[in-house]
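Report on one structure; see the data block that follows.
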Amino acid sequence: MTRTVVVSGGGTGIGRAVCAAFAAEGARVIAVGRREDVLKRTAAELTERHEGTGGRVLALAADLALPEEADRVRDEVLALGGPVDVLVNSAGGNVLIGASDGAAEGTAGAAWHWTENFRSNVLSAVLLTEALQPVIASPGGRIVMISSIAAYRGSGAGSYAGAKAALHPYVYDLAASLGPRGVTVNAVAPGYIEQTGFFGTSGLPTDRHDLLVGQTHTGRAGVPEDIADTVHWLASPAASQVTAQIIQVNGGAERGR
Ligand SMILES: NC(=O)c1ccc[n+]([C@@H]2O[C@H](COP(=O)([O-])OP(=O)(O)OC[C@H]3O[C@@H](n4cnc5c(N)ncnc54)[C@H](OP(=O)(O)O)[C@@H]3O)[C@@H](O)[C@H]2O)c1
């Protein structure tokens, strides 16, 4: 049976790799993000690449930190027909990366980055999940959040890490409430993943890259496919007994060196 999969942040990085993993099984994938041009390019490339499986990626532009936009996504997904088999919340990022000098200074700066990291990482996941929850396939539905190693180790200024950590109790509570419907809810917490938009257009400076790779036991940076494969497994029948879990994928870096 063709699955319907909604992936927030599906236009780039980890979300894009998640879209590719589901398109490869022949699923109908709806990629959601704010930049329509980016989404449309990803949708066209992945649909062409996975033509042989019948997998399709569709672009749906929305700012998921806004409740009315999350509701619109639900309405547009429902108009395509059928329940949502898998929801993957990959939208997010650290608003402090690439922020202008001084933006985070003082009380006003703290109010800004704590609010915006909460909107970007918590609201985007919670609002889409709340909007789609009634139409998640029951039984068999799967919800996966993308957290971060930062939830365990901090993120420098605390606001990004705190926002990711806030997803964990949401996973636990949602897993408990949706368990009787046969729906599992988990999070994947990546370590450093290169080939994403997370570090902005210039990427991570070489010394920082080397430091983060040096903290792994595997001796390499993660790639989006490392996360996508874990998400795809969580959404498979093989993981039907796995729920209310935060799965860390970081090459051992959380333990450090
Ligand atoms: N890369 C890493 O090292 C790393 C490590 C740990 C965790 N993560 C987490 O992994 C997830 C994916 O990030 P990534 O590394 O793949 O970076 P990315 O390429 O920048 O992907 C983030 C995506 O989220 C979308 N997005 C952000 N805010 C949104 C909003 N309000 N509404 C809708 N879409 C929104 C962005 O698209 P638009 O800008 O077009 O909206 C973008 O496509 C994030 O939650 C990030 O925090 C990343």
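The values are calculated or read from the model by the stated rules, or taken from the named source; none is laboratory data. Source: prediction; values computed, not measured. Using ideal geometry, Cβ is built from the backbone for each residue, glycine included, and neighbour counts are taken over all protein chains shown. These accessible areas exclude ligands, DNA and RNA; they are computed on the full protein's heavy atoms, side chains included. Shrake-Rupley method; radii C 1.70, N 1.55, O 1.52, S 1.80 Å.
Taking region 212-223 on its own, how many of its residues are surrounded by fewer than 18 Cβ atoms within 10 Å (Cβ to Cβ) and within 16 Å of I97 (Cβ to Cβ)? Of the residues in region 212-223, 0 are surrounded by fewer than 18 Cβ atoms within 10 Å (Cβ to Cβ) and within 16 Å of I97 (Cβ to Cβ). With respect to A27, is the statement that it is surrounded by 17 or more Cβ atoms within 10 Å (Cβ to Cβ), modelled with pLDDT of 95 or more and within 15 Å of the chain's Cα centre (by Cα) true? When the stated conditions are applied, A27 does not pass them.
Each row is one residue, and each column tells you yes or no for (1) under 26 Å from P190 (Cα atoms); (2) assigned to a strand (DSSP E or B); (3) among the β-branched types (V, I, T).
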position: V57; (1), (2), (3): yes, yes, yes
position: A70; (1), (2), (3): yes, no, no
position: A79; (1), (2), (3): no, no, no
position: D101; (1), (2), (3): no, no, no
position: A110; (1), (2), (3): yes, no, no
position: W114; (1), (2), (3): yes, no, no
position: F118; (1), (2), (3): yes, no, no
position: S124; (1), (2), (3): yes, no, no
position: I143; (1), (2), (3): yes, yes, yes
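Does E36 fit the bill of being open to solvent by 10 Å² or more (accessible area, probe 1.4 Å), away from the ligand (no atom under 12 Å from the Cβ) and of a type in the set (D, E, K, R)? Show your work before the answer.
Numbers: open to solvent by 10 Å² or more (accessible area, probe 1.4 Å): yes; away from the ligand (no atom under 12 Å from the Cβ): no; of a type in the set (D, E, K, R): yes.
For E36, the condition - open to solvent by 10 Å² or more (accessible area, probe 1.4 Å), away from the ligand (no atom under 12 Å from the Cβ) and of a type in the set (D, E, K, R) - is not met.
Of all the criteria given as (1) at pLDDT below 95; (2) open to solvent by less than 40 Å² (accessible area, probe 1.4 Å), the one not satisfied by I136 is (1). If you go through region 168-189 and pick out every residue that is within 13 Å of the ligand (Cβ to nearest atom) and surrounded by fewer than 23 Cβ atoms within 10 Å (Cβ to Cβ), you end up with 0.
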